[in-house]
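Novice: I am attaching a structure below and will ask some questions about it afterwards.
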């Protein structure tokens with residue numbers, strides 16, 4: 001069996017599948033007309049983050065009914081299953097959908113699709129700091145209503161002009177209520193926002209340099225997972241040369257790391273492609289992937305019963321490759 005065949009069969013876990021960014025082109029052709037497909041093809045030639053956001057907004061306009069959302073999400077889950085995914089966390093930003101649809105109905109539709117599927121999936125609610133206070137309140141109410149009932153975390157995205165200090169009370173509430181949250185780190189930490197980062201479940205790490213020793217010690221002790229969307233970082237030139245990327249060094253330092261697809265359709269990738277990148281660019285091997293995946297599975301915000309079942313399934317499938 002070749003390495004590629006082993007990677008294809010490897011039981012996969014993905015913590016960051018962006019719903020709107022991962023809808024398949026084949027699905028879009030089912031839901032729309034030729035003109036829209038041509039528009040997709042034009043927009044998918046991404047040249048900047050601005051184009052990237054335009055494409056996501058365009059896709060969201062195509063999912064303008066609950067029926068279309070159900071079709072698109074069903075197709076996406078089938079694709080994940082074909083790629084030997086045993087667990088995924090799907091990011092959903094309810095504010096990108098048309099206001100004609102009720103947010104709670106969108107969530108119920110997504111959860112209905114998940115309940116019909118044969119793989120374990122949870123949703124992560126993505127909230128952008130740029131939305132109005134009323135929308136933020138609405139999203140938080142939904143988060144609390146569906147937490148541990150299909151939603152198992154929240155990812156809070158701040159605009160470039162802001163820092164997390166303005167949202168200290170929100171994060172204090174998350175910490176107090178034991179809500180698992182994820183944050184993006186794209187600049188150096190400040191003393192004011194360290195508490196927010198060090199209480200996160202995961203940190204999406206987009207800083208161009210290796211973390212300092214103090215940061216690494218705290219991350220290691222608290223077992224926070226550092227997430228690296230490798231294709232995304234490479235595509236938007238966060239790293240000019242992936243050979244200088246330090247993900248493998250962090251792994252060898254016993255930091256819990258994860259690599260994710262993020263936006264499969266937009267970046268023309270999938271988890272198999274991400275795995276191949278790891279082997280082509282970094283000195284990872286299959287045993288490393290087993291360790292990384294078990295680290296992730298052990299940290300999942302799910303019941304012990306489901307977690308133990310996933311770990312058993314993973315071990316059985318991984319053992320067949322050795």
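Novice: Could you check the range 113-130 and list, in sequence order, the residues that are surrounded by 15 or more Cβ atoms within 10 Å (Cβ to Cβ) and outside any strand (DSSP E or B)?
Specialist: Those that are surrounded by 15 or more Cβ atoms within 10 Å (Cβ to Cβ) and outside any strand (DSSP E or B): 113, 114, 117, 119, 129.
Novice: Also, I was wondering about something else. For residue 293, indicate whether it is closer than 24 Å to residue 79 by Cβ, assigned to a helix (DSSP H, G or I) and touching a strand residue (DSSP E or B) at 6+ places or on another chain (Cβ under 6 Å).
Specialist: yes
Novice: Among the numbered criteria (1) in contact (Cβ under 8 Å) with a residue 40 or more places away in the chain; (2) on the phi < 0 side of the Ramachandran plot, which one does residue 262 miss?
Specialist: (2)
Novice: For the range 29-57, name all the residues that are buried (at least 17 other Cβ atoms within 10 Å of the Cβ) and modelled with pLDDT of 80 or more.
Specialist: Residues satisfying the conditions are 31, 56.
Novice: Same structure again: Check the range 237-256 and report whether any residue there is within 17 Å of residue 7 (Cα to Cα) and buried (at least 21 other Cβ atoms within 10 Å of the Cβ).
Specialist: no
Novice: Inside the range 178-194, can you point out the residues that are exposed (fewer than 13 other Cβ atoms within 10 Å of the Cβ), farther than 24 Å from residue 214 by Cα and touching a residue at least 12 places away in the same chain (Cβ under 8 Å)?
Specialist: Across the range 178-194, there are no qualifying residues.
Novice: Further, regarding this structure: Select, from 169, 159, the only residue that is surrounded by fewer than 14 Cβ atoms within 10 Å (Cβ to Cβ) and out of contact with any strand residue (DSSP E or B) (no Cβ under 9 Å at 6 or more places or on another chain).
Specialist: So the residue among 169, 159 that is surrounded by fewer than 14 Cβ atoms within 10 Å (Cβ to Cβ) and out of contact with any strand residue (DSSP E or B) (no Cβ under 9 Å at 6 or more places or on another chain) is 169.
The values are calculated or read from the model by the stated rules, or taken from the named source; none is laboratory data. Computed from a predicted structure; not experimentally measured. All Cβ positions, even for glycine, are placed from backbone atoms using ideal geometry, and neighbour counts span all protein chains on display.
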